[in-house]
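Student: Quick one: this structure, given as structure tokens, is what I'll be asking you about.
The values are calculated or read from the model by the stated rules, or taken from the named source; none is laboratory data. Note that the structure is a prediction, hence the values are computed from the model and not measured. With ideal geometry, Cβ positions are generated from the backbone for all residues, glycine too; neighbour counts draw on all protein chains shown.
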């Protein structure tokens with residue numbers, strides 16, 4: 001499934017809303033949570049993480065995984081939490097509008113289905 005522009009950023013922030021995670025854990029959270037319908041490519045995720053870090057919506061620091069490997073763990077900032085709330089509301093409105101359009105019969109006068 002192709003993501004709408006900006007959706008990956010919101011999904012990354014949502015994945016971090018429960019606590020710090022490294023990139024693989026974020027990917028797994030999104031893919032498992034979507035039943036495999038939203039595959040995440042590593043380069044796209046890394047770009048999103050860098051973009052969100054530059055915007056100070058998350059912070060990253062080095063740590064060690066359960067497998068004793070070095071990994072960068074990301075956490076939401078307060079600004080990231082505020083942004084996530086706003087972005088969630090915006091995406092929910094967009095999804096509702098899209099669903100409405102998909103239910104709308106082409107050629108019908110506005111307001112009838």
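Student: Within region 61-75, restricting attention to residues that are part of a strand (DSSP E or B) and in contact (Cβ under 8 Å) with a residue 12 or more places away in the chain, which residue is surrounded by the fewest Cβ atoms within 10 Å (Cβ to Cβ)?
Tutor: Per the criteria, the residue is 61.
Student: Something else: When the residues of region 47-75 are narrowed to those that are farther than 17 Å from residue 11 by Cα and touching a strand residue (DSSP E or B) at 6+ places or on another chain (Cβ under 7 Å), which ends up modelled with the lowest pLDDT?
Tutor: Across region 47-75, the extreme among qualifying residues is 65.
Student: Quick one: in region 33-54, which of the residues that are out of contact with any helix residue (DSSP H, G or I) (no Cβ under 8 Å at 6 or more places or on another chain) and under 18 Å from residue 82 (Cβ atoms) is surrounded by the fewest Cβ atoms within 10 Å (Cβ to Cβ)?
Tutor: 54
Student: Only one of 44, 10 is at pLDDT below 95 and part of a helix (DSSP H, G or I). Can you tell me which? Steps first, answer last, please.
Tutor: Values: 10 fails: at pLDDT below 95.
Residue meeting the stated conditions: 44.
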